[in-house]
Amino acid sequence: MLTVQTIKEYAYSLGFDTVHITTAQEFPEAKRIIKDRIARGLMDGLPWFTAERADVSCHPDALLPDACSIIALGMVYLTEQPDMPEDGAPRGKISRYAWGDDYHDIIKPRLQQFAAWLQERARDEVGEELATRLFVDTGRMVDRAVAQRAGLGWYGKNTNILTKGWGSWLFLAEIVTNLPLPPDEPLKANCGSCEICLHACPTKALPNPYEVDTPRCISFLTIELRGSIPLELRPLMGNLIFGCDICQEVCPVNKVAERRLGLRPQGELIASAQILRRGKEFHPHPEFQPRPAVGSCPELIPLLSLTEEQFRERFRRSPIKRAKRRGLLRNVCVALGNIGDPQAVPALIGALHDEEALVRGHAAWALGRIGGEEAINALHEACAWEEDAEVQQEIRCALAIEASSKVCKSS
Ligand code: B12
Ligand code: SF4
Ligand code: SF4
């Protein structure tokens, strides 16, 4: 029989960790909020995120005519974090969701299998053709609003959906269908008076509870932004080279989840990674475990010499491919400038000759931050042959940064 119970059991058998159901009614509050955020410039930098898009994404029946129910799914990506090698090499930090395989590639085929199963069961049992639409992240669906209404989790003030068992360390996905199903209730949980994440954000990208100022968010700057990173934000980005987990790492709900997994809140492994779920042992999804070629904290200097082909090969099944080679190398330059280790100077001088102006400009910035005779001579030399106007501007800025830091050091 096709019941809520059998549907949920099938979702678990496919590897989803949590499954809830909500109606396919519209999401008027999410629509109002999204339009307000767009009008206030908080979604700037994402040109595809338009008010018209919200008109569709907040109306499930615009996505699937006669939609009745939404099956809201979550897949947990908490895994063991490898120890950071203590070899003195400058290292960057990759956000947890990108340590392993690209979640779109992992979740999409399971959604397709789920939909095929639902359709087959409906055909066999009631002789009806069931309609379904599948969404994971990229689709026109408000993933978090669905999860909240389905009782899968609640909105954290950092805007991520928090769950009792896993914190916010889970991906969200949905199946919209014309099959009528009894909905689950939203949870009553909330963040209470906690505001830890708002204060922890290094770029002040959480100006108010439940609001992300996208153009300031390091996740946006390192993944979505195609051009130059604003000068004033670069020093605040530390060694983050792909995504940002700071507002999640500091969250007490997440710390509890990490402890349950056998991780110390700082990410250090203390025991075998097992967690109890519905009385069974949960093993972290192997697909999300750090891949040797990607890892969680790669050495930065070798990344600067990656060719386009090597980049494609190294990050083939990883979410990092989204940043493209030029975006990743841009981020690596910023991280090296922030770490300030002079052993990066020769590689950064090499990057002044990169084929991408974006990389050359950010390499110049990093050299200005690190300073020293070798870096400054290279910047002066580059000034003489660099033809790109923006890179020229970066070099002049870098030389000014170096000069002003000398004044600061001598006074
Ligand atoms: C655009 C986008 C981004 C943008 C903009 C972020 C943003 N907050 O909108 C950028 C690139 C910055 C980004 C970053 C990240 N993202 Co993103 N992103 C999306 C995407 C595609 C759309 C999000 C959206 O609709 N934003 C519009 C705004 C207005 O919505 P919102 O911020 O969720 O706002 C809601 C709440 O704030 C709430 N709300 C507002 N006011 C109030 C008041 C009260 C009292 C309450 C209770 C609620 C409430 O209602 C709003 C509308 O639903 C979704 C996938 C999807 N299709 O939905 C993934 C998604 C949200 N991202 C995800 C992830 C994992 C991340 C990162 C953690 C990645 C990383 N490690 O770097 C960061 C987290 C940054 C952050 N603090 O949010 C996951 C989140 C999973 C989860 N557990 O919640 C999603 C759902 C992808 C997925 N399918 O798993 N992301
Ligand atoms: S992901 Fe990082 S930059 Fe973005 S809001 Fe959270 S802490 Fe701030
Ligand atoms: S840190 Fe506090 S305010 Fe922020 S999401 Fe977690 S519980 Fe909510």
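So what is the 222 nm mean residue ellipticity for the chain from helices alone, if each DSSP H run of at least 4 adds -39500 (n - 2.57) and you divide by all residues, rounding to the nearest 500 deg cm²/dmol?
-12000 deg cm²/dmol
Take segment 163-263 with all the other protein chains still there, run a 1.4 Å probe, and you get 41 Å² of accessible area per residue. Look at the alpha carbon pairs under 8 Å that are at least 6 residues apart: their mean separation over the length of the chain gives a relative contact order of 18 percent. Between I21 and A72, D184, the built amide H atoms are under 5 Å apart, and every one of these is 5 or more places off in sequence or on another chain. Across segment 179-193, computed HN-Hα scalar couplings (Karplus, 6.51 cos²θ - 1.76 cosθ + 1.60, θ = phi - 60°) run 6, x, 9, x, x, 7, 8, x, 6, 8, 5, 7, 7, x, 8 Hz from first to last residue, x flagging Gly and Pro.
Based on the convex hull around the alpha carbon atoms, the chain presents an average projected area of 22.2 nm². When the alpha carbon coordinates of segment 300-411 are projected onto the principal axes, the ranges are 50, 28, 19 Å, largest first.
Pop the C-beta distance of C383 and K204 into the FRET formula with R0 = 41 Å and round what comes out to the nearest 0.05.
The calculated FRET efficiency here is 0.75.
Protein heavy-atom accessible surface, 1.4 Å probe, per residue over segment 77-154: 45 Å². Whole-Hz Karplus values for segment 80-90 come out as 5, 9, x, 5, 6, x, 9, 10, x, 7, x Hz, taken residue by residue from phi with 6.51 cos²θ - 1.76 cosθ + 1.60 and θ = phi - 60°; glycine and proline positions read x. Spin-label model, H283 to M84: label points 7 Å out along the Cα-to-beta-carbon direction sit 3.0 nm apart. When the Gaussian network model of the chain links Cα atoms closer than 10 Å, the mean-square fluctuations of A389, A11, A145 top out at A389. Summing Lys and Arg as +1 and Asp and Glu as -1 over all other residues whose Cβ lies under 14 Å from the Cβ of F315 gives a net charge of +4.
Below 15 angstrom from the Cβ of T3, what's the summed charge of the other residues (Lys, Arg +1; Asp, Glu -1)? Residues close to T3 contribute a combined charge of -2. Among the protein heavy atoms, those of I349 account for about 40 Å² of accessible surface (1.4 Å probe, every chain in place). Two numbers describe the Cα atoms of segment 32-96: Rg and Dmax, which are 20.0, 59 Å.
Applying 1/(1 + (r/R0)^6) with R0 = 51 Å to the Cβ-Cβ distance of S405 and M1 gives a FRET efficiency near 0.10. Extension gain, C194 to W48, is 49.3 nm, computed as 0.36 nm per intervening residue step minus the present C-alpha separation. Within the accessible area of segment 300-411, what % is carbon and sulfur when the probe is 1.4 Å and the other protein chains stay in place? Percent of accessible area from carbon and sulfur atoms in segment 300-411: 52. Springs between alpha-carbon pairs under 10 angstrom, Gaussian network model over the chain: which of W154, W48, W99 fluctuates most? Answer for the Gaussian network model of the chain: W48.
Across segment 308-318, coupling constants 3J(HN,Hα) worked out from phi with the 6.51/-1.76/1.60 Karplus curve, θ = phi - 60°, read 4, 5, 5, 4, 4, 5, 5, 10, 3, 9, 9 Hz, and Gly and Pro carry x.
The angle between the Cα long axis of helix 252-261 and the longest principal axis of the Cα atoms of the chain comes to about 80 degrees, rounded to the nearest 10. Sorting R314, R37 on solvent-accessible area from highest to lowest, probe radius 1.4 Å, gives R314, R37. Average accessible surface for segment 342-384: 40 Å² per residue, computed with a 1.4 Å probe over protein heavy atoms with every protein chain in place.
In the context of the full protein assembly, Y103 retains an accessible surface of approximately 20 Å², using a probe radius of 1.4 Å and ignoring ligands and nucleic acids.
Each residue, E128 and R317, gets one label point 7 Å from its Cα in the Cβ direction; the gap between the two is 3.8 nm.
Heavy-atom surface analysis with a 1.4 Å probe gives segment 4-299 a carbon and sulfur content of 53 percent of its accessible area.
The values are calculated or read from the model by the stated rules, or taken from the named source; none is laboratory data. Nothing here was measured: the structure is a model prediction, and the numbers come from that model. Glycine gets a Cβ as well: all are built from the backbone with ideal geometry, and neighbour counts include every protein chain shown. For the accessible areas, the whole protein counts, side chains as well, though only heavy atoms, and no ligand, DNA or RNA atoms are used. Shrake-Rupley method; radii C 1.70, N 1.55, O 1.52, S 1.80 Å.
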